[in-house]
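Down below is the structure, laid out as structure tokens.
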Amino acid sequence: MNIELEKLDKLLDKYADAPGSLITVLQNAQEIYGWLSEGTIEHISGRTGIKAAKIYGVATFYTQFRLKPIGKHLIMLCKGTACHVNGADDIAAAASEHLSVADNETTADGLFTLNYVACLGCCSLAPVMMIRSDGGEETYGSLTNAKVRQILDDIRAKEAAAE
Amino acid sequence: MKYIVKAVIGQGSCGIASGSKKTAAILEAVGIPVEPTGCIGNCYLEPIVDFHFADGSSTRLVKFDEEAAKKVLSGEPLANYIISEEDERYLSGQKRIVLRNAGVINPEDISAYGDYSALRNAVTHRSEEIIQTLKTSGLRGRGGAGFPTWFKWDAAAKAVGDTKYVVCNADEGDPGAFMDRSVLEGDPHSVLEGMAICGFTIGASEGIIYVRAEYPLAIKRLEIAIGQALEKGYLGENIFNTAFSFKIRIKAGAGAFVCGEETALIASLEGERGMPRLKPPFPAQKGYWQQPTNINNVETFANIPWIFNNGGDKFEAIGYEKSKGTKVFALAGKIRRGGLAEVPMGVSLRDIIYGIGGGIKDGKQFKAVQLGGPSGGCVPEELLDTPVDYESINQTGAIVGSGGMIVMDETTCMVDMARYFLDFTRNESCGKCNYCRIGTKRMLEILERITEGKGEPSDIELLHELADKVKEGSLCGLGQTAPNPVLTTLRYFGNEYYDHIFEKKCTAHSCKALIHYDINENCIGCGACKRNCPVEAISGERKVRHVLDKEKCIKCGKCIESCKFNAVVKI
């Protein structure tokens, strides 16, 4: 049996019969795989008895769930109100141009996924972005276009050095 | 330097984002014991570090980042980083009840919080007595609507059901509000104790905290706090040797603004799409799994232990007319001192923005303050003396809401602000009600048209008409309040709509379609803009004032960014 599926099964052993735990299951499944594939949804459906269409309905309702694989570093670029009045649109454009991807897209090298988010709650440091990687989350504040480009270049350089 | 016993470092999300963990590492490396605390409130001064000395005195250092710590350790005087008197007034001008412990105690140490004395006291009283105290206090829900808390508790207490639930709404979805995050990160026990008191009062044995997945640190600190409270016996079975048992679990939200609405939140807790339903029945009668459920917001619960420790009358003595106690506001935007400010209800907007927040940054002019997030509105300068209480703010067309206060200056375009919020609500509409789903989309299209310089004279009337219909035709608060940002900007900043539609002008120089770039006489011909222009729109010899070709220019702003002489301007 597929090792990866084993992890999901362990999770389902715990939650399959617990009513109301679909969102928790999806969150944990996404934690394992980074995203929710059709296969994952089918498998959850089979074990829980919840129709795949319904799971898809729940997964598409919430912004947290991703139906496409993501890059190694998930950039959550804040578009909250405080960030907006402090120029988040320009920052977003700079990041998008620098990586040649739009919102919700992943770079060709699989290194970055760009994601615009509603509010990270660090409003006094606006404009802000959070980058989630294997090592955890890092928040960057008081961004400028140049600073964003620098941060992305630094990560890229680090990745290149690690190879 | 005096002998340092310990360093207490602000480690809320803002502090960590400013590098407080790196500062901590530097200090720890030289053997100074480091203790974390939550958000101190002066977010604009992070990282903030309190040095405690052997003689019992302490000093607060600000903007004490990695570099600063290194410099001080190699001999730079500490005095360079000591908080100024003006910045100290940021905190001394506040009245802290909800934030009484945030930034003071170690949130990961239950003994620093106390022994749940309010709960200990509450379990010796009857349910009606507790509700009476709450009624005396005049506490109203801090999540947005301002509904009297005692009324909800009373309804849930009287409701009949096999199992009852207490739910804490920590799905702080308003962009620009972060007080709930700070309370959870800085003082999680106050929320747990408040929930336990509620559980005892209404007869519930289970509590659930529905917290945003975007707040990982809050979740971590809550988990630690729940574990410690269980260990101490403040939660769990037979609390304080009574028949009362209460446990609390955390449920991470999955990102949907509408889940701040009670019935949508319940649907989400049950693993469904978070769509609201018609009320009644209210959650107090039929909530989570159709059982009586009381839902309050984080800030509301954090007030509860204070009220029971100090008395309902003490709480009632603070505040204004029908709004009692304090409210925490999140100051952000174009403000000099951004952060959290907790003030008695009834203080004026001016006192908060200028007295505590220090006014507008970079010497610009105040234009408006946005209250209540996407459900709220923009309040202009002439109304700055409005007291912040639920009724007075409602009269302006805005709402107190969760307490987000975004300050805007002359560079913020009010039509664009309306567009921004409509974009948000259109995106977050669950789609159940037609007017909310389609009406917000149509309103957004009109606003986009206006900001692109394609507005028509009839657009204003159309916006008013749609706003009324969206308000009337929506089931829940999201749709009912979604037009507020449009209506308030139309009311107070109608001239900006006029400029956009008739003059094709954006006076704030913010709407890209309505401005163009130019190079003025400050230009010394250094060539920086020319090199950075991606479309070769700038030409000129070295040391000669450059020229910008408006036809080629794509208004990307790279020239402004690269110019050190303020020679590139938006017109």
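What the table shows:
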item	result
Volume per residue of the C-alpha convex hull in region B:320-409, rounded to whole Å³	75 Å³
Normalised per residue, the volume of the convex hull around the Cα set of region B:110-316 (Å³)	109 Å³
Estimated [θ] at 222 nm from DSSP helical runs (n ≥ 4, -39500 (n - 2.57)) normalised by residues in chain A, nearest 500	-15500 deg cm²/dmol
For chain B, the Rg and Dmax computed from alpha carbons only, in angstrom	26.0, 87
Debye, to nearest 20: dipole size of the protein assembly as shown, +1 on Lys, Arg Cβ, -1 on Asp, Glu Cβ	380 debye
Paired Rg and Dmax values of region B:4-90, which use every Cα atom, in angstrom	11.7, 33
Geometric extent, Cα atoms of region B:435-571 - Rg, Dmax (angstrom)	20.1, 64
On Cα atoms only, tilt of B:20-29 relative to the major axis of chain B in degrees	70 degrees
J(HN,Hα) series, region B:531-539, from Karplus relation 6.51 cos²θ - 1.76 cosθ + 1.60, nearest Hz, glycine and proline x	5, 8, 6, x, 10, 6, 8, 10, 9
Once the Cα gyration tensor of the protein assembly as shown is diagonalised, semi-axes √(5λ) in Å	40, 31, 29
For region A:33-163, radius of gyration divided by Kirkwood radius, i.e. Rg to Rh on alpha-carbons	1.04
Accessible surface, per residue, of the protein assembly as shown when the full set of protein chains is kept, probe 1.4 Å, Å²	41 Å²
Neighbour net charge for B:LYS6 - beta-carbon separation under 10 angstrom, K R +1, D E -1	-2
Within-10-Å neighbourhood charge of B:GLY15 [Cβ basis; K, R +1; D, E -1]	-1
Karplus-derived 3J(HN,Hα), 6.51/-1.76/1.60, for each residue of region B:143-152, Hz, glycine and proline x	x, x, 7, x, 6, x, 5, 4, 5, 5
Karplus-derived HN-Hα couplings along region A:67-76 (A = 6.51, B = -1.76, C = 1.60, θ = phi - 60°), whole Hz, x at Gly and Pro	9, 10, x, 10, x, 5, 10, 9, 8, 9
Buried solvent-accessible surface, both chains (A, B), 1.4 Å probe, Å² to nearest 100	3400 Å²
Nonlocal amide H pairs with B:GLY333, under 5 Å, H built at 1.01 Å	B:VAL407
Crossing angle, helix A:145-162 versus chain A [Cα axis fit, 0-90 degrees, rounded to tens]	60 degrees
Kirkwood Rh (inverse of mean 1/r, distinct Cα pairs), region B:516-570, angstrom	10.6 Å
Where the Cα pairs of region A:120-163 fall when distances are cut into 10 Å bins, in %	25, 50, 22, 3
Under 5 Å, built H, 5+ apart or other chain: amide partners of B:ASP389	B:GLY346
Partner aspartates and glutamates for B:LYS324 [C-alpha distance under 16 Å; skip if fewer than 8 residues away on the same chain]	B:GLU299, B:ASP313, B:GLU316, B:GLU342, B:ASP389, B:GLU391
Surface share of carbon and sulfur [accessible, 1.4 angstrom probe, percent] for the protein assembly as shown	49 percent
Mean Cα-pair separation over length for chain B, i.e. relative contact order, pairs under 8 Å, 6 or more apart, %	11 percent
Separation between Cα centres of region B:506-571 and region B:409-479, rounded to whole Å	33 Å
Computed over region B:4-90: relative contact order in percent, which uses C-alpha pairs under 8 Å that are six or more apart	31 percent
Radius 15 Å from Cβ of B:GLN290, net charge of other residues (Lys, Arg +1; Asp, Glu -1)	-1
Equivalent ellipsoid semi-axes, region B:25-65, via Cα gyration tensor eigenvalues times 5, rooted, Å	18, 14, 9
Directionally averaged shadow of region B:268-396, computed from the convex hull of its alpha-carbon atoms, nm²	10.6 nm²
Chain B: calculated mean residue ellipticity at 222 nm from DSSP helix runs of at least 4, using -39500 (n - 2.57)	-10000 deg cm²/dmol
For A:GLU105, distant residues with modelled amide H under 5 Å away	A:LEU114
Total charge dipole magnitude, region B:414-503, about the Cα centre, Cβ charges on Lys, Arg, Asp, Glu only, Debye to nearest 20	500 debye
Base-10 log of normalised Debye intensity for region A:3-61 (one unit scatterer per alpha-carbon) at q = 0.19, 0.30 Å⁻¹	-0.57, -1.63
Tilt relative to chain B, helix B:298-310 - C-alpha long axis, 0 to 90 degrees, to 10	50 degrees
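The values are calculated or read from the model by the stated rules, or taken from the named source; none is laboratory data. Values in this document were obtained by computation on a predicted structure and should not be read as measured data. Counting neighbours? That spans all protein chains shown, and the Cβs are built from the backbone with ideal geometry, glycine included. Accessible surface is based on the protein model in full, side chains and every heavy atom, while ligands, DNA and RNA are left aside. Shrake-Rupley method; radii C 1.70, N 1.55, O 1.52, S 1.80 Å.
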